[in-house]
Structure formats: structure tokens, C-alpha cells
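Okay, so here's the structure we're looking at.
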Amino acid sequence: MSLSIGIVGLPNVGKSTLFTALTNKGGLAANYPFATIEPNVGMVPVPDARLDELAKIDNPVKVVPATVEFVDIAGLVAGASQGEGLGNQFLANIRETDAICEVVRFFSDPDVVHVAGKVDALSDVETIKTELILADIATVEKALPRLEKEAKRDKAAVAQLEAAKKVLAGLNEGHRARTLDLTEDEQEALYGLHLLTMKPMLYIANVDEDQLDAPLPQIDGLTPVPISAKVEADLAELDAAEAAEYLEAMGLSESGLARLVREAYALLGLQSFFTSGETESRAWTVPIGAKAPQAAGVIHSDFERGFIKAETASFEDYVANGGEKGCRETGKLRQEGKDYVVQDGDVMHFKFNV
Ligand SMILES: Nc1nc2c(ncn2[C@@H]2O[C@H](COP(=O)(O)OP(=O)(O)O)[C@@H](O)[C@H]2O)c(=O)[nH]1
Ligand SMILES: [Mg+2]
């Protein structure tokens, strides 16, 4: 599983600058709307210092971090759902993502044109919110005739129809689907519609370089993550040692990427577990609450299907005892079965049989 995050926002707020810095692969950042016509997709390693410690112990051939996929989504402007700009083209790119990350312009640079003529974060947020809600209204309205037909023949479809009507009413009142009081059953019934406003959201405030510590207003009830796309772009040009120096000089403890990924993990209820040995030390992503076989399945479906047990040590025990062998000797290597709930940082070795 690789977590996928769509980056949205009005033109010229710094989406592509941030995307390019995050993925460090020289996409284009231009001072005019719609520079990003094709969706840009980039895989980004999840920063995790624990991996380096595992590598020190096991000396593996490779160190493989977990990854997050970022998608730079262009074309969301006021009226996009009515065909303005690139029209509805943004929809297809956004549907497949697990979460939406909206970049909001707080930086003041007068040389960078603002599509609405002035920097006004909260108004920009409203514009995007409206477009996403309008897109969802169109989706539900399009599905309704089919759902009505199905509900006449099939009892199970009645629940779907009712849920769709309920969500449509909420959307029409200007609420995101996610903020409506939907039961788990209703959410499940709506899953097939892939509503955009049902996705978890994260706001990034793209602030001036000297404003990274400044307090920010809440946005739609959420606390935005302050990032300077410009600082991230500078960081992306540096090697690791230079980047560390630069961060320190800026008074920052970590890069915006690290902060962003951490926030996204928390938002989505995700955590990491590790596998480590002489071939590789590797981080994997699972939802909090996942059981051992599900974690095994992230590595390979055979591991899940033929799951027998997972030899497991906490990250701390693994390091304190110098690895798997040491953990076995001190009784810190637990034999966990199929009901074991994986904990963040677990170092796991799966036994399976297919
Ligand atoms: N001063 C300043 N300029 C920025 C920042 N982020 C982006 N820009 C500039 O704003 C313009 C548009 O950025 P871009 O990333 O292409 O915006 P997008 O349309 O949202 O993808 C470019 O000229 C960037 O160099 C920032 O944090 N500070
Ligand atoms: Mg762009």
C-alpha cells in the first residue's frame, strides 16, 4: 500500500513548486495558470530515522523507506465544475487519491500574480470548497436515476439510495460529505461514488519564509500545516549535510516534507512497521489497528494467505538487544498470531506456508 495524496489549490499558490521540491524531479513551476496540464505523479520516501538505526544493526544490502505518492492536480479554479479553465479534467486525477492536501497561499510576493487579484486565504479556501462540493453534487445527481431503478428491484440498493439522498441534501447546504453525520453503513453505501468531499483533508499554508512560526487561523475547523514552498525548493537543491545546516540556520527541526508526511499519517490513521535483515531494512505502512495477517499482506498476498505467525519485537527492544538474535536470547522476540494488533515501530518477521 502506498498512500496517495492529491495536491490541490488555486493556480499560483505554489502547488507545483512544492510538488517539485517534494519529489525533487524537476517538474515545471511557472508563473501562469494551468502550467500543470498533465497530472504529475511522484513517489516520495517517508522520512523515518528509525530505519537508519535498524540498518546500523543489520547492515543490509538495501534500506527501503515507505513511500507516499503525491499527485499535482491542476485546473481547480472558480467555475471549474461549470467548465472554466480546464473544466472537470481535475476530477479524474483527484478521485483515485486517499487524501486531499490543499495548498493555500499565505505568501505575499507581489511578483506572483494571484488569480483573484489579492491574497485572501479564507476566500480561496471557500472557492475550492465550493468547486469540490459542486463536483460531488453532479456525481450524486448523475447516480440517482440508476440508484432509484436499482432500489425498486433490490432491497440492498434502498440503503444506497437513501444515503445518496441524505448526502445530496447536505452538499446542497454547502457542507462537505465528510462533515455530515453519516453512519458507518451510510458511508459504506456511498463508497462507490468516490465523493471528493468524503476524502480526508489537510491544509498547507504556503507562508513567507520568515512566517513559519507565526500563528495561523483555523481553516474550516482544521489547523493548517505551515510550509514554505520556497524553503522546500531551496532544500531540494542541497545534499543531506547542507540541508541539515540550512534547516538549523532557519531554526527548523525538520523539513516541511517530514512534517507534511507526519500530519498525513496522523490524519489517515496510519503507522509504520519494519522488516529488517541482511537483505534489507524496510518500512511498511498499515492502518492503526491492523492485525498481523493484514500487515503480512502489505508485503505479499501469499504472506497473508498462508500466515502462520509473526515473530515480533518492538523497535526499542530490537535496538536495545542488537537485533533479532539478541531479542530471541532475552525473550523479547514474541510469537504473535493472527489476532495480534500491530503496533507502530514493530519489527516483524512473518512465517507463512502456501
Ligand atoms: N515568494 C514565493 N513565491 C512562490 C512560493 N511558492 C511558489 N511561488 C512562486 O509562485 C509561482 C507559481 O508557483 P507554482 O508552484 O507554479 O503554482 P501552482 O500554479 O499552484 O502550481 C512561481 O513563480 C513560484 O516561484 C513561495 O513560497 N514564495
Ligand atoms: Mg502548477
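The values are calculated or read from the model by the stated rules, or taken from the named source; none is laboratory data. The shown structure was predicted, so the numbers you read here are calculated from the model rather than taken from an experiment. Glycine gets a Cβ as well: all are built from the backbone with ideal geometry, and neighbour counts include every protein chain shown.
Quick notes on this structure:
- Long-range neighbours under 9 Å by Cβ, at least six apart or interchain, first residue closer than 25 Å to residue 175 by Cα within segment 212-228, second in a strand (DSSP E or B) and among the charged types (D, E, K, R): 219/102; 224/102
- Residue in segment 201-211 that is away from ligand 2 (no atom under 16 Å from the Cβ), touching a Ser or Thr at 6+ places or on another chain (Cβ under 9 Å), of a type in the set (A, V, I, L, M, F, W, C) and without any contact (Cβ under 8 Å) to a residue 60 or more places away in the chain present: no
- Single residue of segment 227-256 satisfying the filter (farther than 20 Å from residue 46 by Cβ and in contact with a Phe, Trp or Tyr (Cβ under 9 Å, 6 or more places away or on another chain)) that is nearest to ligand 2 (Cβ to nearest atom): 230
- Residue match in segment 164-181 (condition: touching a residue at least 40 places away in the same chain (Cβ under 8 Å) and within 14 Å of ligand 1 (Cβ to nearest atom)): no
- Boolean, residue 102 is more than 19 Å from residue 22 (Cα to Cα), modelled with pLDDT of 80 or more, under 20 Å from the mean Cα position of the chain (by Cα) and of a type in the set (D, E, K, R): no
- Screening 239, 208 for residues that are surrounded by fewer than 16 Cβ atoms within 10 Å (Cβ to Cβ), among the charged types (D, E, K, R) and away from ligand 1 (no atom under 16 Å from the Cβ) leaves exactly one candidate, 239.
- When the criteria are applied in full, residue 111 meets the requirement of being away from ligand 2 (no atom under 16 Å from the Cβ), surrounded by fewer than 21 Cβ atoms within 10 Å (Cβ to Cβ) and acidic (Asp, Glu).
- Verdict on residue 270 being of a type outside the set (S, T, N, Q) and crowded, with 16+ Cβ neighbours inside 10 Å: yes
- Filter result for residue 129 (within 25 Å of the chain's Cα centre (by Cα), among the basic types (Lys, Arg) and surrounded by fewer than 21 Cβ atoms within 10 Å (Cβ to Cβ)): yes
- Counting only strands (runs of 3 or more DSSP E) that sit completely within segment 1-88, those holding 2 or more residues that are at negative phi, modelled with pLDDT of 80 or more and within 15 Å of ligand 1 (Cβ to nearest atom) correspond to 3-8, 40-45, 67-72.
- Residue check for residue 281: under 21 Å from the mean Cα position of the chain (by Cα), crowded, with 21+ Cβ neighbours inside 10 Å, of a type in the set (S, T, N, Q) and over 30 Å from residue 179 (Cβ atoms): no
- Residues being closer than 18 Å to residue 283 by Cβ and touching a Gly at 6+ places or on another chain (Cβ under 7 Å) - total across segment 305-319: 2
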